[in-house]
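First the structure, in the form of structure tokens, and then the observations on it.
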Amino acid sequence: MLFGDMANQSSPSSIYCASFNQDNSGFAIGSKDSFKIFDSTTGRLCYERAAGAFVIVEMLYSSDLLALVGAGEQASLSPRRLCLFNTTQGSPLKELNFLTSILAVRMNKKRLVVVLVEKTFVYDLNTLVMLDTIDTVPNPKGLCAFSPSLEGCFLAVPASTTKGAVLVYNVMDLQSHSEIDAHRSPLAAIALSSNGMYIATASEQGTLIRVHLVSESTKSYSFRRGTYPSTIYSLSFGPSTQLPDILIATSSSGSIHAFSLMLAINQRSKRSTSFLGSVLPDSVSDALDPAHHHVLQNAVSSGIRSYAVVRKIDKLEGTSSPSQFTSIRATVSVITYSGYFQEYTLSINNKNESLWTLEREFNLYPVISS
């Protein structure tokens, strides 16, 4: 499981899983004895249920529907059973059983995706009729990415165990879309933009983050996270209807990395008048510019798993010249598996100077241990 192995560390909070909903307006955590739902904007605890240990808690936007998978520590909470749970009624709506442990679950308003170690199932969410079964390479971490948009609804899963290849599958059309060779080493993290237009990947080396335009799967853009290997815990695009302004990554180094996609693309668009050239460069080696990288060092203790998303971006367009940088202010929310929620403001001015400001932080541990 992507975040589940944190439970084996000696964190007093015993967080087993953490996830934001599809628009990042809320987040869920599962612990050794309960699961809880929070409002991302206010930090308010919206729902809690002390019913045992959970390793998957997935929200459907801010609705009353949750997808739950137990850790197997209680007989009634098998890791092979998916429970669709109604928070208003406080009761299960439907249960689906599988032959092996469920490693990931994703939802939008029409589809339910269940990831096992060598198979991925696609269901109609409203009827729970199985629509397709995807045979995959062994995927013991349940690595996957999902774009909830109904217009560009893609699922991405590993396509190889020896290199960083990604299978992109159209969940609405129920057919394979493409296969992307992104890295030489196996994948460690995948993210799709909310509109399904862009995919970001990191390998087990963790030194390069690559972004592909899904419709042009052979074209990529690369950002250097660092020189030394590090485990990438999460990747997340900023909200946008086109090219997101920012891509956020967290890693085992304890740092939070922000990559300025729009700035990098705008700079290189001057070199080409073609449509594709204005979106992505022609070669991977043409993109390792440190000016596009804004890092917050030691945001989390080294080795502590963390999960970050960009909840909101405010922009001020440059007016003095067409080539002037756009000043942006991004709201970045972070869940740490040591039991904290953090919210930062990342400001990048029109000179490409950045400032990270911690706006608030609260301890999830008293809530979890209650």
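The values are calculated or read from the model by the stated rules, or taken from the named source; none is laboratory data. Being a predicted model, the structure only gives us computed values, none of them experimental. Counting neighbours? That spans all protein chains shown, and the Cβs are built from the backbone with ideal geometry, glycine included. With ligands, DNA and RNA removed, areas are computed over all heavy atoms of the protein, side chains included. Shrake-Rupley method; radii C 1.70, N 1.55, O 1.52, S 1.80 Å.
See the values below:
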{"quantity": "Summed side-chain charge close to L45 - residues other than L45 whose Cβ falls under 13 Å, Lys, Arg +1, Asp, Glu -1", "calculated": "+1"}
{"quantity": "Candidates A188, A75, A264, ranked by Gaussian network fluctuation over the chain, Cα under 10 Å, top entry", "calculated": "A75"}
{"quantity": "Length released on extending from T241 to K351, taking residue separation times 0.36 nm less the Cα-Cα span", "calculated": "37.1 nm"}
{"quantity": "For the stretch 15-76, accessible area per residue (1.4 Å probe, heavy atoms of protein chains only), Å²", "calculated": "35 Å²"}
{"quantity": "Kirkwood hydrodynamic radius of the chain, Cα pairs, Å", "calculated": "20.8 Å"}
{"quantity": "FRET efficiency, 1/(1 + (r/R0)^6) with R0 30 Å, evaluated for E73 and T127 via beta carbons", "calculated": "0.40"}
{"quantity": "Burial order of peptide ranges 237-245, 126-134 (average beta-carbon count within 10 Å, highest first)", "calculated": "237-245, 126-134"}
{"quantity": "Virtual paramagnetic centre 7 Å along Cα→Cβ of V117, amide N under 14 Å, in the stretch 48-86", "calculated": "79-80"}
{"quantity": "By average C-beta atoms within 10 angstrom, highest first, the peptides 106-118, 27-39", "calculated": "27-39, 106-118"}
{"quantity": "Expected 222 nm ellipticity per residue - DSSP helices of 4 or more, -39500 (n - 2.57), all of the chain, to 500", "calculated": "-1000 deg cm²/dmol"}
{"quantity": "Hz values of 3J(HN,Hα) by residue in the stretch 36-41 - Karplus curve (6.51, -1.76, 1.60), Gly and Pro given as x", "calculated": "9, 10, 10, 8, 5, 6"}
{"quantity": "Residue with peak Gaussian network fluctuation, the chain [Cα springs, cutoff 10 Å], from L174, L213, L155", "calculated": "L174"}
{"quantity": "Gained length - L316 relative to L65, 0.36 nm times residue gap less alpha-carbon distance", "calculated": "86.6 nm"}
{"quantity": "Sorted peptide list for 82-89, 341-348, criterion being average Cβ within 10 angstrom, highest first", "calculated": "341-348, 82-89"}
